Amino acid sequence: MNKILVVARWEFMEKVKSKLFLIGLFVTPVIILAVSFLPAVFVTQEDKSSKVVGIIDESGQVAPEFARKLESEYHLSNGQPNYIVRIISEGSLDSSVAAATQLVVRDEIEGFCVVTKNPAGDTLAAEYRSKSVGDVVLSSRAEQTLREVVTQVRASQLGLTAGAVKTLLSKFDFSISKLSKEGEKEEGDFMKIFFKVLIFMMMMFFLIATSGQILVRSVIEEKSNRIVEILVSSCSPTELMSGKVLGLSALGLTQLAFWALIGLSVAFQSGHSVILPSEGLLLVLYFILGYLFYAAIFIGAGSPLNTEQEAQQINTYLILLLVLPVMLATPAMKDPGALWLRVLCYIPFFTPTVMALRISIQMPSAWEILATSLLMVAAVWVAMVVAGRIFRIGILSTGKTPRLKDIVQWVRTG
């Protein structure tokens, strides 16, 4: 045990003092925050100057009110209208569309709405055309304004008064609350839950990806420099592997603790609610078990390799296993009790991330938490044993990369 701790301390101190680790300690949270929030910031960024929007109204009932509402409801920081509406009418619908299209091509207007009616004249349809369909703020505001105007037109046709129309169009607040199994109301905002799960997954992804690659590269470097032969003369391969995993696990948990402190500080400063203690303890448990499981896989897969190119290929395949649960986040939030999701909980490669999803969305039953926890403990033990047998022979094998048949033989005879 003393030798394992010596190796672990050496691995930890060597990596924690490196410039790459210190840079990653601060850069990774910035990357996570940038990926999570910057797109929304850029999309909702206010315009600096007024934009000209065209409208073609075949019905003759929508354009004036659309122009009034869009110009009066949205303003720039200097008080000027955010949008200036230009009503385009060139006789026929086709002529008007052609004229509006040329205005867009010449950058005289941002885009234009086309309001058409069916042959019977009882229904309307609208379309927004622009060179920049990515301006979702403008297109969504135009759509919302058109819907309100069309509702007003239909209401007036039914003989409703202006006051009744205003009442129909008045907004009301709608919120979502999550109920616990005891029936207590909890916070259930979709975006908060989604980002909480996303941040957990991204933290696990970054830690496992970086630490796993460090493990593999460390083994390859020691093999190529023949340092590993000196190391195994002072301690057994199992002690060496255990020390490496323990040291880099401590390194990963140091990163996790630092990032958690940053997250809690930001949450308290901004007045946002933080994760519940019960959820936090379970997430940490699955995080540690998942980290140890993947660390064993990385070191077992990397010990027979001889070059950086081979290591890169193996790392890519392993990292893909971590990406899959991220893609399942949205359907999982829609139906956290789905059978396919519960099945994935019992596949060790996906257990930590999928259980993190379910815990954040809808707390699983106690027996599921216990069963998956015991499963991960057993998976970690098996992975460590298998990795140890491969590591014991793989670190001393050089030259040609062993075949899968050879590795299986190492595991059986280990």
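The values are calculated or read from the model by the stated rules, or taken from the named source; none is laboratory data. Note that the coordinates shown come from a computational prediction; the quantities given were computed from them, not determined experimentally. Reconstructed Cβ throughout: ideal geometry from the backbone, glycine too, with neighbour counts over all protein chains shown.
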Applying the selection to the range 94-119, what residues are surrounded by 11 or more Cβ atoms within 10 Å (Cβ to Cβ) and charged (D, E, K, R)? Glu108, Glu110, Lys117
Failed item in (1) modelled with pLDDT of 80 or more; (2) in a helix (DSSP H, G or I); (3) surrounded by fewer than 19 Cβ atoms within 10 Å (Cβ to Cβ), with Ala295 passing the rest: (3)
Could you figure out which of (1) touching a residue at least 12 places away in the same chain (Cβ under 8 Å); (2) assigned to a helix (DSSP H, G or I) isn't true of Pro336? (2)
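Quick test for you: out of Leu240, Leu215, Leu160, Leu231, pick the one residue that is at pLDDT 70 or above and either exposed (fewer than 13 other Cβ atoms within 10 Å of the Cβ) or outside any helix (DSSP H, G or I) (or both). If you could, list the steps in order and put the result at the bottom.
Working: Leu240 fails: either exposed (fewer than 13 other Cβ atoms within 10 Å of the Cβ) or outside any helix (DSSP H, G or I) (or both); Leu215 fails: either exposed (fewer than 13 other Cβ atoms within 10 Å of the Cβ) or outside any helix (DSSP H, G or I) (or both); Leu231 fails: either exposed (fewer than 13 other Cβ atoms within 10 Å of the Cβ) or outside any helix (DSSP H, G or I) (or both).
Going through Leu240, Leu215, Leu160, Leu231 in turn, just one is at pLDDT 70 or above and either exposed (fewer than 13 other Cβ atoms within 10 Å of the Cβ) or outside any helix (DSSP H, G or I) (or both): Leu160.
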Mind listing whichever residues of the range 23-78 are charged (D, E, K, R) and modelled with pLDDT of 85 or more? Lys51, Asp57, Glu58, Glu65, Arg68, Lys69, Glu71, Glu73
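Looking at Arg389, Arg342, Arg358, which is the one that is assigned by TED's automatic domain parsing to the domain that holds Met204, charged (D, E, K, R), under 16 Å from the mean Cα position of the chain (by Cα) and in a helix (DSSP H, G or I)?
Details: Arg389 fails: under 16 Å from the mean Cα position of the chain (by Cα); Arg342 fails: under 16 Å from the mean Cα position of the chain (by Cα).
One residue alone meets the criteria, Arg358.
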Single residue of the range 345-370 satisfying the filter (touching a Ser or Thr at 6+ places or on another chain (Cβ under 8 Å) and hydrophobic (A, V, I, L, M, F, W, C)) that is nearest to Phe200 (Cα to Cα): Met355
For Arg68, are the conditions met, namely being exposed (fewer than 14 other Cβ atoms within 10 Å of the Cβ), among the basic types (Lys, Arg) and either outside any helix (DSSP H, G or I) or out of contact with any strand residue (DSSP E or B) (no Cβ under 6 Å at 6 or more places or on another chain) (or both)? yes
Against the condition touching a helix residue (DSSP H, G or I) at 6+ places or on another chain (Cβ under 8 Å) and either without any contact (Cβ under 8 Å) to a residue 12 or more places away in the chain or within 29 Å of Lys166 (Cα to Cα) (or both), how does Gly79 come out, does it pass? no
Counting only residues that are more than 13 Å from Gly302 (Cα to Cα), of a type outside the set (Val, Ile, Thr) and at pLDDT 70 or above, how many does the range 374-402 have? 8
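Being of a type in the set (Gly, Ala, Ser), assigned to a loop (DSSP other than H, G, I, E, B) and over 14 Å from Glu58 (Cβ atoms) narrows it down to one of Gly79, Gly91, so name that one. Write out each step before concluding.
Working: Gly91 fails: over 14 Å from Glu58 (Cβ atoms).
None of the other options fit; the residue is Gly79.
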Which one is nearest to Ala311 (Cα to Cα) among residues in the range 251-263 that are surrounded by fewer than 17 Cβ atoms within 10 Å (Cβ to Cβ) and small (Gly, Ala, Ser)? Ala257
Could you check, for the range 105-112, whether at least one of its residues is part of a loop (DSSP other than H, G, I, E, B), closer than 19 Å to Ala142 by Cα and among the β-branched types (Val, Ile, Thr)? yes
